[in-house]
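Everything below concerns the one structure shown next.
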């Protein structure tokens with residue numbers, strides 16, 4: 001009985017903060033250490049897929065990676081970065097490194113001869129810090145249609161000018177490693193990187209599975225002067241830790257373009273359906289913060305159709321057309337969005353039909 005009584009508060013706490021474990025894991029992304037080397041990626045913008053003697057593999061969660069790497073002895077190291085901008089250029093201690101070997105459109109490999117001691121690494125495209133116009137795509141909610149996703153990838157690859165794809169999640173049916181492996185294998189044909197936050201269908205497995213594959217579920221980066229923020233609403237709520245990060249990211253982007261991506265809409269635009277956050281109060285308070293933070297665009301998934309509306313005066317879009325079972329009779333079917341951005345915010349959002 002005593003053991004049961006001790007267990008109940010722990011279970012209750014887990015129900016109150018279902019996203020706490022993921023938030024705690026986010027803090028550890030980008031760090032790894034062995035006897036021969038250690039690496040720490042600024043802001044967790046890349047997951048350390050592997051660190052072995054003489055070899056490092058990273059998965060990029062954003063367009064820029066900056067990291068401190070310390071090696072115990074001088075020698076050659078193989079650095080592999082997956083999900084990288086194809087035009088990314090690497091510097092080590094501010095010195096430009098030669099062109100990488102390509103093992104697919106977004107898998108870049110360098111051979112580095114490093115002296116013993118600490119080194120500073122930076123991987124970024126030449127224009128990443130230059131404010132200006134750019135285009136990206138939004139694709140979410142693939143789920144059980146992962147085996148039929150090649151036409152979607154082909155259509156993305158045919159779209160002119162896309163620098164990356166942003167996703168609000170539900171990439172798989174239940175987030176198990178085999179499905180994430182398949183997703184990664186199929187999307188290795190994509191010509192640009194794919195940045196994401198998980199959806200509720202990734203919650204069939206413990207949060208560490210997403211962490212080990214793709215790193216942070218909550219993350220934010222700046223690309224050509226615009227901030228893109230991904231927050232994990234896959235449990236229908238935000239953890240208090242994440243609310244704190246969101247406040248920081250809102251403050252950082254107060255005077256510039258800011259786009260926010262999260263899986264579950266704050267409030268379902270079709271009110272009787274209930275496809276929004278668990279708490280309307282939390283959703284309303286978050287909407288006020290986003291509006292006061294001068295956010296320029298909100299992007300959601302979860303609902304397998306397309307909606308364009310306004311939330312708290314912010315242009316908002318639901319795009320759940322990656323292949324999951326669509327809403328009946330809406331005529332939307334599989335699709336993704338293209339978004340054109342410049343220093344003044346979102347200039348154009350278009351729906352691109354695959355079927």
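Observations, loosely collected:
- Residues 134, 261, 300 in ascending order of nearby Cβ atoms (within 10 Å, fewest first): 134, 261, 300.
- Sorted by Cβ density within 10 Å, fewest first, the residues 140, 310: 310, 140
- Computed over the alpha carbons of the range 152-193, Rg followed by Dmax gives 11.3, 33 Å.
- Put in order of Cβ neighbour count within 10 Å, fewest first, the listed residues 197, 64 become 64, 197.
- Whether the range 218-355 is rounded, prolate or oblate, judged on the alpha carbon gyration tensor where a/c under 1.5 counts as rounded: oblate
- Under 18 Å from the residue 278 label point (7 Å along Cα→beta-carbon), backbone N, the range 190-215: 198-208
- Alpha-carbon Rg/Rh ratio, for the range 25-124, with Rh computed the Kirkwood way: 0.92
- Note on the chain: with a GNM built from Cα contacts shorter than 10 Å, the maximum mean-square fluctuation among 75, 313, 215 falls on 75.
- The length gained by stretching the chain between residue 95 and residue 353 to full extension, at 0.36 nm per residue less their Cα-Cα distance, is 88.5 nm.
- The distance between label points at residue 248 and residue 55 comes to 3.4 nm (points 7 Å beyond Cα on the Cα→Cβ vector).
- For the range 134-353: relative contact order, % (alpha-carbon pairs under 8 angstrom, 6 or more apart): 22 percent
- Projected label distance in nm at residue 182 and residue 17, using a 7 Å step from Cα toward the beta-carbon: 3.6 nm
- With one equal scatterer per alpha carbon and no solvent term, the Debye-computed log10 I(q)/I(0) for the range 68-225 at 0.09 1/Å reads -0.35.
- Relative contact order, whole percent, for the range 25-124 stands at 26, derived from Cα pairs under 8 Å and 6 or more residues apart.
- Value at 222 nm in deg cm²/dmol, rounded to 500, when DSSP H runs of n ≥ 4 in the chain each add -39,500 (n - 2.57): -6500 deg cm²/dmol
- Calculated on C-alpha atoms, the gyration radius of the range 159-287 divided by its Kirkwood radius gives an Rg/Rh of 0.97.
Coordinate-derived values only; no laboratory data. Computed from a predicted structure; not experimentally measured. We place every Cβ from the backbone using ideal geometry, glycine too, and count neighbours over all the protein chains shown.
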